[in-house]
C-alpha cells in the first residue's frame with residue numbers, strides 16, 4: 001500500500017521490545033504515539049563491497065528527504081520478516097530473487113521512532129528501479145568514504161544503530 005494513499009488506515013502490529021504482538025493499530029496512530037512496531041532493513045552491497053545508500057522521498061511520513069544505509073520498511077500484520085524483506089527489496093529497488101543474508105534483529109527507540117527490526121544484507125549490483133516512489137536517488141559508497149558521507153548528510157538513526165554495526169561484525173564492510 002502506498003505510504004501516501006491510505007497511510008492512515010494501514011494496519012500495523014504494535015509489539016513489545018522482544019517483537020511480540022500486543023495489538024493492531026493504524027499506521028497513523030503508530031506514528032502519532034511513537035508505538036513500537038516490526039520493521040525490516042536490508043543493506044545492499046555490490047560485488048566490490050560498496051554500500052548502496054539512498055535518499056528518501058520528500059513525502060515519507062518519517063525523516064523525509066534524509067539518507068539511509070538500508071532499504072526496508074514496516075512489516076505487515078502476520079507477515080514473516082524474510083517475506084517482508086523480499087517485498088521491500090522488490091517495492092523499493094525492483095530486486096527480486098536475491099539471496100538474503102540475515103544479520104540479526106534488535107530494538108531501537110528514540111523520540112521519533114520505536115521499533116524492532118530484522119536486519120539483512122544482500123549482494124546486488126543493480127540495475128535498480130524505484131517504482132514505488134519511496135527513493136529519490138541512490139549512490140554507491142566505498143567503505144573508505146562512508147564516514148565522510150555520514151558526517152555530511154542527515155542519515156536515519158535507526159538503521160545507523162541497527163544495520164551498520166552488524167555489517168561491520170558480519171561482513172567487515174566498514175573499514
Segment 11-168 - convex hull of alpha carbons, volume per residue in Å³: 104 Å³
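Restricting the count to DSSP beta bridges whose residues both fall in the chain, what percent are antiparallel, rounded to a multiple of 5? Walk me through the numbers on the way to the answer.
On the way: 27 of 37 bridges.
Taking every DSSP beta bridge with both residues in the chain, the antiparallel ones total about 75 percent.
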Between 0 and 90°, nearest 10: helix 81-93 axis offset from the chain longest Cα axis: 60 degrees
Estimated inter-spin distance, residue 110 and residue 137, nm [label 7 Å along Cα→Cβ]: 2.3 nm
Residue 154-residue 34 pseudo-label distance in nm [points 7 Å out on the Cα-to-Cβ vector]: 1.6 nm
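Stokes-Einstein diffusion coefficient for segment 82-163 at 25 °C in a medium of 0.890 mPa s, Rh from the Kirkwood formula over Cα pairs: what value in µm²/s? Don't jump to the answer; show the numbers that get you there.
On the way: Rh = 14.4 Å.
The calculation lands on 170 µm²/s.
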Amide N of segment 28-46 lying under 16 Å from the label point, which is placed 7 angstrom from the Cα of residue 21 along Cα→Cβ: 36-40
The chain, helix-only ellipticity at 222 nm - DSSP H runs n ≥ 4, -39,500 (n - 2.57), divided by all residues, nearest 500: -6500 deg cm²/dmol
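We did not get these values from a lab; they are worked out from the coordinates using the rules stated. Only a predicted model underlies this, so the values are computations on that prediction, with no experimental measurement involved. Note: ideal-geometry Cβ built from the backbone for every residue, glycine included; neighbour counts use all protein chains shown.
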